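Following: one structure in structure tokens, then a few remarks.
The values are calculated or read from the model by the stated rules, or taken from the named source; none is laboratory data. Please read all numbers here as calculations on a predicted model, not as lab measurements. Cβ: placed from backbone, ideal geometry, glycine included. Neighbour counts: every protein chain shown.
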Protein chains: 2
Amino acid sequence: MQPDEFRRIGHEVIDWIADYRERVADLPVRSRVEPGWVRERLAPLPERGEGFDGLLSDLDRVVLPGTTHWQHPGFYAYFPSNASLPSVLGDLLSSGLGVQGMLWSTSPAATEVEQHLLDELVGAMGLPERFRGGGVIQDTASSAALVALLAALHRQSGGTWRQSGVDGTETVYVSSQTHSSIERAARLAGLGERAVRSVDVDDVLAMRVDDLASRIESDVEAGRKPVLVCATVGTTGTGAVDPVREIAALCAEHGIWLHVDAAWAGPAALCPEFRHLFDGLDQADSFTANAHKWMLTAFDLSLFWTAHPDVLVDALTILPEYLRNTATESGAVVDYRDWQIPLGRRFRALKLWSVLRWYGLEGVRAHLRRHVELAEMLESWVAGSEEWRLVAPRSLALLTLAHRDGDDATREAMDRVNAAGDAFVTHTTVNGRFAIRVAIGAESTEEHHVRALWQALAASG
Amino acid sequence: MQPDEFRRIGHEVIDWIADYRERVADLPVRSRVEPGWVRERLAPLPERGEGFDGLLSDLDRVVLPGTTHWQHPGFYAYFPSNASLPSVLGDLLSSGLGVQGMLWSTSPAATEVEQHLLDELVGAMGLPERFRGGGVIQDTASSAALVALLAALHRQSGGTWRQSGVDGTETVYVSSQTHSSIERAARLAGLGERAVRSVDVDDVLAMRVDDLASRIESDVEAGRKPVLVCATVGTTGTGAVDPVREIAALCAEHGIWLHVDAAWAGPAALCPEFRHLFDGLDQADSFTANAHKWMLTAFDLSLFWTAHPDVLVDALTILPEYLRNTATESGAVVDYRDWQIPLGRRFRALKLWSVLRWYGLEGVRAHLRRHVELAEMLESWVAGSEEWRLVAPRSLALLTLAHRDGDDATREAMDRVNAAGDAFVTHTTVNGRFAIRVAIGAESTEEHHVRALWQALAASG
């Protein structure tokens, strides 16, 4: 494809996306296809090249019916995954440049723009100064948790982990509400699930520090080595906030790495009025917040900071001959390949940069505040309802609610709302009871969408 | 940003990329900036949003001078990383749709298009039928190697690895030419570098099966558990090809997982005349080939197949309550979150689909063959030279050469070529001697570019 063809077809693709975004609110949020429906409609790969029209036509004919529309204003499922249009353009620029930023020297701007943005966000989000110079973009919060665990293992071993691996006595701690991502990280790191301590939670589903303390103590007494505690600010189920400062004190006492996972809630730190949720973060060893969840940036872009980049780099670095270069050997640059699981890396910073410049910090804050206000509105309706109740306190823009008649009524309401196609909600369980999660955060969600969701739920009762 | 603004600005961004690609050949391949040059020119994040013009202007003013141009026709460094323009548009569509395909149910088309393409490529690349239904897109070959190792550990343990982790007796094997990626995977998996056996190579730098056999035997005798052998088809240094069939026989005898890493050379399997390089692949447990290296697809898109997806899924699966859904529980669908390190995933298949449809299989083959022909041409010039020699046999489109006067002359020639800005080559060492790698594979590289490179090298003598 020559640049002139790209110009012409590229404009068509841009228009296709603009059209899609204009009409997405009219499509059913959730795909209604059965397993296999999409595949049955796909042609074998062509021997000879074809134009781009066939692909665009297949998008309309096959892909859109098979798509669950995460950019739909009625998307309240999981967590938001906003691919704002400026971020789409930033990502397009990244693909267009086509650089691979594994080393500073393989494209200095890819590294330095990323360093700049992560350092600027330390100020804008009120993060501890010890994170300055320790920021990097990861693909996801699950990878970020794994990276934190690997650095923690390396530090705990006194630097022998790289050479000797794990010894089977290492333990990690996380509340029962955030169990799965850390369980998986522990598995990948060779510790096995048996290394994971699922800490009890209190009545607002936050980690109980007394239970954490007693688990750490009994592990230490048994000769095991506590390596990492993962505190969560905004759990997936209900948005619960673990008491970071108290947990940090315990970690400091035992020399344990404290990772704070705020994958969803993290961007709220841009707003001073929400910063109390992050109290104690100045004592954390690492922190993650997903720009691709609630900071308008197209997946995948997880922000990660550590106060100990030296430990991380020492844990992960390799330097085969073909990667040796003058800049690396000068020690004057950061090579981000040593900060992540894969070796290669995209120029992901461009999509974040596009977002932060287009909206400005005030624009992003306004977006967050609007979602929280919509959630407060819904909270007030639930509070006034005789049929519905919150099963956990509202957390920022996340509500967890259940029908007073019990699990069957809640599930039926969810299924009915989802089948209607105007909204998509998912569920969790709280103390064994089935509950609907309403995660408000799509860029296009307005008051009337939330009102319609509430009416649909209420009608289900 | 509203769809109409996106339409207007999107056209500008497309045009910026078209302009960039039109003039990239006139830019110096390698960035010439000093460490810190880019950062010094970046403004603080704005409080109030701004238009897109500032960003585009910063791209010209700061980012381009700080960019090493991987899409330049004179890029012979590392391995090619072709971001062909159809793949850029496919990636744009992925960002525009903004779906997150962690589960089949979170966007069925994202999973089913991927399954379709990976299965179609089994046929088109002549891969073993046992890989059908076992294909998935990973971000990079280093992640693919890690995923293979985790599945191998799980299988070797008889299914206890998930729960119990590693026990410190597991060993992995790779030739001294591919040491670093597997060393890193072993580290991440908790085995430590001490688990990695660096197998000797023969005079064409391929793994010596006799040395592999004796290392496996002595490990078994010592009570250790051989878990994985990584055979490489096309090593990074010189493109050496390990004898897969003989290695496979040894692996079968000992119940060892055989992973075949063809990150760069893998796409050559599209051409029947190159398939002999992959002889024995029908005995492999897993295989990886990077579409983002030599299959015209924008980074990041690594093709991975395993003959044992059930083992992989059992190793990596988690199912917290919030991910439960009817489709998953029916068993009728594949949830790709269980096939990779991160939880979330982009609709990456779109950029591969765009490439395969635009060029057609014949178009991709023509591209590969043209690069090999250019390498053969350069090979013939080296063969006729009194100053230069190949230090390893040409491998497809990769040559490794050295000046007959020794390391200093080779290094000086490399530095002079790279400083001139028309070409960028990197180096390796072969048997302790410094050698220049010429990896031909940029989409825009033509005969006259390779001729100019040769003249520049020859002039350096």
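Values computed for the structure shown
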item	result
Meets criteria (farther than 26 Å from A:D91 by Cα, at the interface with chain B (Cβ under 10 Å from one of its Cβ atoms) and at pLDDT 95 or above) for A:A315	yes
Residue match in the range B:395-408 (condition: of a type in the set (K, R) and either surrounded by 20 or more Cβ atoms within 10 Å (Cβ to Cβ) or within 30 Å of A:S94 (Cα to Cα) (or both))	no
Failed item in (1) closer than 27 Å to B:N290 by Cβ; (2) more than 10 Å from every other protein chain (Cβ to nearest Cβ); (3) part of a helix (DSSP H, G or I), with A:F304 passing the rest	(3)
The lone exception for B:R194 - which of (1) within 26 Å of B:G135 (Cβ to Cβ); (2) assigned to a helix (DSSP H, G or I) it fails	(1)
A:L45 vs. criteria in a helix (DSSP H, G or I) and either at the interface with chain B (Cβ under 7 Å from one of its Cβ atoms) or surrounded by 14 or more Cβ atoms within 10 Å (Cβ to Cβ) (or both)	no
The range B:18-42: number of residues that are farther than 30 Å from A:L85 by Cβ, under 27 Å from the mean Cα position of the chain (by Cα), small (G, A, S) and outside any helix (DSSP H, G or I)	0
Wholly within the range A:209-301, helices (runs of 4 or more DSSP H) carrying at least 2 residues that are buried (at least 24 other Cβ atoms within 10 Å of the Cβ) and in contact (Cβ under 8 Å) with a residue 60 or more places away in the chain	A:291-294
Residue that is farthest from the other protein chains (Cβ to nearest Cβ) [pool: residues in the range B:6-26 that are touching a Pro at 6+ places or on another chain (Cβ under 9 Å) and not aromatic (F, W, Y)]	B:A25
Some residue of the range A:31-39 being within 7 Å of chain B (Cβ to nearest Cβ) and either touching a strand residue (DSSP E or B) at 6+ places or on another chain (Cβ under 7 Å) or without any contact (Cβ under 8 Å) to a residue 24 or more places away in the chain (or both)	yes
Complete set of residues in the range A:307-329 that are assigned to a loop (DSSP other than H, G, I, E, B) and of a type in the set (D, E, K, R)	A:R324
Residue that is farthest from B:R30 (Cα to Cα) [pool: residues in the range B:372-402 that are assigned to a strand (DSSP E or B) and polar (S, T, N, Q)]	B:S395
Candidate set: the range A:196-208, residues that are touching a helix residue (DSSP H, G or I) at 6+ places or on another chain (Cβ under 8 Å) and surrounded by fewer than 20 Cβ atoms within 10 Å (Cβ to Cβ); chosen: the one farthest from the other protein chains (Cβ to nearest Cβ)	A:D200
The listed residue being at pLDDT 95 or above, more than 9 Å from chain A (Cβ to nearest Cβ) and in contact with a Phe, Trp or Tyr (Cβ under 7 Å, 6 or more places away or on another chain), out of B:A144, B:A110	B:A144
Single condition A:N290 does not satisfy, out of (1) under 30 Å from A:T160 (Cα atoms); (2) in contact with a strand residue (DSSP E or B) (Cβ under 6 Å, 6 or more places away or on another chain); (3) among the polar types (S, T, N, Q)	(1)
Single residue of the range B:327-336 satisfying the filter (more than 7 Å from chain A (Cβ to nearest Cβ) and out of contact with any Lys or Arg (no Cβ under 7 Å at 6 or more places or on another chain)) that is surrounded by the fewest Cβ atoms within 10 Å (Cβ to Cβ)	B:G331
Inter-residue pairs, beta-carbon under 6 Å, first among the β-branched types (V, I, T) and in the range A:379-401, second in a loop (DSSP other than H, G, I, E, B), 6+ apart	A:T400/A:T238; A:T400/A:V391; A:T400/A:A392
Within the range A:59-77, considering residues that are at the interface with another protein chain (Cβ under 7 Å from one of its Cβ atoms) and assigned to a loop (DSSP other than H, G, I, E, B), the one surrounded by the fewest Cβ atoms within 10 Å (Cβ to Cβ)	A:G66
For A:D405: the one exception among (1) closer than 26 Å to A:A25 by Cα; (2) in contact (Cβ under 8 Å) with a residue 24 or more places away in the chain	(1)
Top-ranked residue in the range B:417-457 [being closer than 19 Å to B:T235 by Cα, outside any loop (DSSP other than H, G, I, E, B) and among the β-branched types (V, I, T); ranked as farthest from the other protein chains (Cβ to nearest Cβ)]	B:V438
Residues being crowded, with 24+ Cβ neighbours inside 10 Å and over 22 Å from B:G344 (Cα atoms) - total across the range A:186-195	2
Sole exception among (1) under 19 Å from the mean Cα position of the chain (by Cα); (2) among the hydrophobic types (A, V, I, L, M, F, W, C); (3) assigned to a loop (DSSP other than H, G, I, E, B) for A:V166, by number	(1)
Check on B:V88, surrounded by 24 or more Cβ atoms within 10 Å (Cβ to Cβ), within 9 Å of chain A (Cβ to nearest Cβ) and in contact with a Gly (Cβ under 6 Å, 6 or more places away or on another chain)	yes
Pick from the range B:154-170, criterion under 22 Å from A:H154 (Cβ atoms) and touching a strand residue (DSSP E or B) at 6+ places or on another chain (Cβ under 6 Å), ranking: farthest from the other protein chains (Cβ to nearest Cβ)	B:T169
Residue within the range A:81-96 that is at pLDDT below 95 and within 30 Å of A:L401 (Cα to Cα) present	yes
Of all residues in the range B:337-372 being under 25 Å from A:D300 (Cβ atoms), more than 7 Å from every other protein chain (Cβ to nearest Cβ) and more than 19 Å from the chain's Cα centre (by Cα), the one that is surrounded by the most Cβ atoms within 10 Å (Cβ to Cβ)	B:R337
Residue, surrounded by the most Cβ atoms within 10 Å (Cβ to Cβ), within the range B:171-185, restricted to residues that are within 9 Å of chain A (Cβ to nearest Cβ) and either among the charged types (D, E, K, R) or more than 15 Å from the chain's Cα centre (by Cα) (or both)	B:R184
Matching option when the condition is in contact with a Gly (Cβ under 9 Å, 6 or more places away or on another chain) and either surrounded by 24 or more Cβ atoms within 10 Å (Cβ to Cβ) or at the interface with another protein chain (Cβ under 9 Å from one of its Cβ atoms) (or both), among A:L103, A:L117, A:L56	A:L117
